[in-house]
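**Student:** Have a look at the structure that comes next, please.
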Amino acid sequence: MYSRHCLKGNYHYETLQITVDQNGSYIFNANSSIMLYGYIYQYDFDPFSISKNIIKESNSECCNTFAFGIYLQMNITYILLITTYEPSIRGNFTVFVSGPKNITLNRIGIYSLEINRIILNIF
């Protein structure tokens with residue numbers, strides 16, 4: 001858990017390292033029975049410095065899904081962070097990614113949420 005909002009609250013989260021096989025625009029979607037929020041970090045994620053290295057965040061504040069597009073490059077480490085919108089909530093979620101080529105998502109860190117499945121689509 002970490003303090004996502006104004007350094008208050010205990011928010012459960014999952015971090016997934018993204019490996020890109022081809023430069024291009026990718027779309028990330030997540031769906032769940034709980035409200036989610038998503039971020040993309042470049043290089044690494046530090047739960048004690050949550051604004052460091054952030055390059056994209058979802059902007060949905062009222063539903064159980066988020067979606068955003070981002071241009072990703074090969075040979076750069078990216079981290080997808082999926083967290084709960086409300087503190088102290090846990091639940092399952094599904095991640096969908098589409099783009100010009102397959103990407104790889106590997107779990108990292110300590111896991112508080114459960115991933116049902118990760119679906120990778122190619123345009």
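The values are calculated or read from the model by the stated rules, or taken from the named source; none is laboratory data. Not measured: the values here are computed from a predicted model. Positions of Cβ are generated from backbone atoms using ideal geometry, with glycine treated the same way; all protein chains shown enter the neighbour counts.
**Student:** Give the residues of the range 62-103 that are among the polar types (S, T, N, Q) and either without any contact (Cβ under 8 Å) to a residue 24 or more places away in the chain or surrounded by fewer than 16 Cβ atoms within 10 Å (Cβ to Cβ) (or both), sorted by residue number.
**Tutor:** Answer for the range 62-103, where residues must be among the polar types (S, T, N, Q) and either without any contact (Cβ under 8 Å) to a residue 24 or more places away in the chain or surrounded by fewer than 16 Cβ atoms within 10 Å (Cβ to Cβ) (or both): 64, 73, 75, 77, 88, 92, 94, 102.
**Student:** Can you tell which of 50, 55, 70, 76 is in a loop (DSSP other than H, G, I, E, B) and under 14 Å from the mean Cα position of the chain (by Cα)?
**Tutor:** 50
**Student:** For residue 19, work out the one condition from (1) part of a loop (DSSP other than H, G, I, E, B); (2) under 20 Å from residue 107 (Cβ atoms); (3) at pLDDT 90 or above it doesn't fulfil.
**Tutor:** Residue 19 satisfies all of (1) part of a loop (DSSP other than H, G, I, E, B); (2) under 20 Å from residue 107 (Cβ atoms); (3) at pLDDT 90 or above except (1).
**Student:** Also, I was wondering about something else. Within the range 28-36, is even one residue of a type outside the set (Asp, Glu), loosely packed, with under 12 Cβ neighbours inside 10 Å and either touching a strand residue (DSSP E or B) at 6+ places or on another chain (Cβ under 9 Å) or part of a strand (DSSP E or B) (or both)?
**Tutor:** Yes, because at least one residue in the range 28-36 is of a type outside the set (Asp, Glu), loosely packed, with under 12 Cβ neighbours inside 10 Å and either touching a strand residue (DSSP E or B) at 6+ places or on another chain (Cβ under 9 Å) or part of a strand (DSSP E or B) (or both).
**Student:** While we're looking at this one, here's another question. Does the range 98-105 contain any residue that is out of contact with any Leu (no Cβ under 6 Å at 6 or more places or on another chain), in a loop (DSSP other than H, G, I, E, B), among the hydroxyl-bearing types (Ser, Thr, Tyr) and at pLDDT below 95?
**Tutor:** Scanning the range 98-105, I find no residue that is out of contact with any Leu (no Cβ under 6 Å at 6 or more places or on another chain), in a loop (DSSP other than H, G, I, E, B), among the hydroxyl-bearing types (Ser, Thr, Tyr) and at pLDDT below 95, so the answer is no.
**Student:** Name every residue in the range 50-61 that is under 15 Å from residue 17 (Cβ atoms) and surrounded by 16 or more Cβ atoms within 10 Å (Cβ to Cβ), in order of residue number.
**Tutor:** Across the range 50-61, the qualifying residue is only 53.
**Student:** Of the residues 79, 108, 89, which single one is over 25 Å from residue 22 (Cα atoms) and of a type in the set (A, V, I, L, M, F, W, C)?
**Tutor:** The conditions single out 89.
**Student:** Give the range 37-47 a look and list any residue that's in contact with a Lys or Arg (Cβ under 6 Å, 6 or more places away or on another chain), in a loop (DSSP other than H, G, I, E, B) and either among the small types (Gly, Ala, Ser) or under 20 Å from residue 97 (Cβ atoms) (or both), or say none.
**Tutor:** none
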